[in-house]
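Q: Sharing a structure below in structure tokens format, with a few things to ask.
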Amino acid sequence: MKRSKKDILAGFIILGTVFLLSGCSFPDQNRESKKNVTQEAGTEAVLKETGPKIGVSIYRYDDTFMKLYRSELKQYLEETYHAEVVMRNAGGNQETQNQQVNQFIADGCKGIIVNPVEVTAAGKLADAADEAGIPLIFINREPKGPEQQRWKREHMAVSSVGTDSRQAGSYQGQIILETPEKGDFNGDGVVSCAMLKGEEGEKDSEYRAEYAIKALKKGGMKVEELFSENGDWSRESGKKMAQEAFLQYGNKIEVMFCSNDAMANGALEAAKEAGLVPGKDVYLVGVDALQETVEHIKSGEIAGTVLNDYDGQARLAADTLIKMIDGEETETRYLVDYIKITAVSTFETLKGDD
Ligand code: BGC
């Protein structure tokens, strides 16, 4: 996968932070002990490195962010650990995901990575893997605190790699505070917002919305929440919710907080179709730093986003799983930092690029 200087730089900063915080070290990429000599039919003895078989279940393949995440995860596991990756789409169905995990166990996978459909299913999946003696890592959607404490208490080889969405929400609020009008276009002292959220009950989007507003208030602004609705993290649902919001409130909406960039990109289309000039009549802000959104930030149509570092998260999940497979002690919870991205910071980071 070709990477820009920005990606690489950001990757280094984030990986550095995480490894320092969690006391991890980079893996031994040689892993001599894991090399097998395989005799292939009709050939001389061939030295072929075969790493562990890893089962990965993703909550939905059509999630834009998880597409980037899973392709990095697969590539990193294959290139760094010569793993045989068995990747499955749970299609938004918890029962399907449970069956996939049971199949990974039956097929002799040495480690399992789960992006849960529902975090409440974590306990059952953790128990199944633990009983089979197979390490398991939850990614992206974090199981609840008491469940994580249980893994520690019961010395289970189960861990979670994720992010703190309160941080993402706070950065979204700060991005608006950094605009010339602090999000208050009409100067009435109140920031009138619309919240476009991900799946209902999903902690990430709840935290992002809550902490965006908290940050505005902390920055001295009064806030009025005109509209709040749940979608499914997709561009289409973002567009649909934004259409509804603009139909009801028109240019009364000064800031539209979108729980992710896919929805922000959809909301941008809706804003333009409603005859608004994004960046002049309304500020849009997202999370993830998808390439398309970063382009809209550079052109001034989206106020900012928050980098959700899928590279760092995928690598950390893979490294941690391999450590567990090797019988090493690991933490039960790892968090990767978000990074605030605005036109100014994007420009600063990209300045050195050719
Ligand atoms: C990402 C979203 C994604 C969601 C899936 C979030 O962390 O920001 O883009 O749809 O995870 O759970």
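The values are calculated or read from the model by the stated rules, or taken from the named source; none is laboratory data. Just so we're clear, the structure is a prediction, and the values are computed from it rather than from any experiment. Note that each Cβ is placed from the backbone with ideal geometry, even for glycine, and that neighbours are counted across all protein chains shown. Quick note on the areas: whole protein, heavy atoms, side chains included, nothing else; ligands and nucleic acids left out. Shrake-Rupley method; radii C 1.70, N 1.55, O 1.52, S 1.80 Å.
Q: Each residue of the stretch 60-73 in turn: what ³J(HN,Hα) in whole Hz from Karplus with 6.51, -1.76, 1.60 and θ = phi - 60°, glycine and Pro shown as x?
A: Result, ordered by residue: 7, 5, 8, 6, 4, 5, 5, 5, 5, 4, 6, 6, 5, 4 Hz.
Q: Along the Cα-to-C-beta direction of Lys222, a point sits 7 Å from the Cα; which residues of the stretch 169-184 have their amide N less than 14 Å from that point?
A: Within reach of a label on Lys222: 184.
Q: Same structure, new question: Computed FRET efficiency, Cβ-Cβ of His155 and Gln75, R0 35 Å: what is it to the nearest 0.05? Please report the intermediate quantities before stating the final value.
A: Values: r = 32 Å, r/R0 = 0.91.
Approximately 0.65, to the nearest 0.05.
Q: While we're on this one: Over the stretch 95-137, average the accessible area per residue using a 1.4 Å probe and give it in Å², no decimals. Mind dumping the intermediate values first?
A: Numbers: 1720 Å² over 43 residues.
Accessible surface, normalised per residue, equals 40 Å².
Q: Starting from the 7 Å offset along Cα-to-Cβ, what nm value, one decimal, do you get for the label separation of Glu95 and Lys280?
A: Result: 5.3 nm between the two label points.
Q: Now for a separate question. Over the residues of the stretch 166-307, compute the C-alpha Rg and express it relative to 2.2 N^0.38 Å.
A: Values: Rg = 12.9 Å, N = 142, 2.2 N^0.38 = 14.5 Å.
It is 0.89.
Q: Which entries of Lys144/Lys222; Lys218/Lys240; Lys239/Lys340; Lys218/Lys252 have Cα-Cα distances beyond 27 Å here? If you can, show how the numbers build up before the last one.
A: Numbers: Lys144/Lys222 32 Å; Lys218/Lys240 31 Å; Lys239/Lys340 23 Å; Lys218/Lys252 22 Å.
Checking Cα-Cα distances, Lys144/Lys222; Lys218/Lys240 exceed 27 Å.
Q: Next up: Using θ = phi - 60° and the Karplus curve 6.51 cos²θ - 1.76 cosθ + 1.60, what whole-Hz ³J(HN,Hα) does each residue of the stretch 242-258 get, with Gly and Pro shown as x?
A: So the J values, rounded to whole Hz, are 5, 4, 4, 4, 5, 5, 6, 10, x, 7, 5, 6, 9, 9, 10, 8, 10.
Q: Skipping prolines and chain starts, which residues have an amide H placed within reach, meaning under 5 Å, of the one on Leu284, given they are 5 or more residues away or on another chain?
A: Met256, Gly279, Ala303
Q: How much accessible area per residue does the stretch 166-307 have, in Å², with a 1.4 Å probe?
A: Working: 5680 Å² over 142 residues.
For the stretch 166-307, the per-residue accessible area is 40 Å².
Q: Same structure, new question: Give me the one-decimal nm value for the distance between modelled label points at Tyr249 and Glu328, 7 Å along each residue's Cα-to-Cβ direction.
A: Label-label distance for Tyr249 and Glu328, simple model: 4.8 nm.
Q: In terms of modelled amide H atoms, which long-range or inter-chain residues lie less than 5 Å from the amide H of Met87?
A: Val56
Q: Now for a different question. Tell me, what ³J(HN,Hα) does each residue in the stretch 193-205 have, in order and in whole Hz, if you take phi through Karplus 6.51 cos²θ - 1.76 cosθ + 1.60 with θ = phi - 60° and put x for Gly and Pro?
A: Running phi through 6.51 cos²θ - 1.76 cosθ + 1.60 with θ = phi - 60° gives 10, 10, 10, 9, 10, x, 4, 4, x, 6, 4, 4, 6 Hz.
Q: Give me the compactness ratio for the stretch 231-330, meaning the Cα radius of gyration over 2.2 N^0.38 Å. Working shown, then result.
A: Values: Rg = 17.6 Å, N = 100, 2.2 N^0.38 = 12.7 Å.
After normalising by residue count via 2.2 N^0.38 Å, the value is 1.39.
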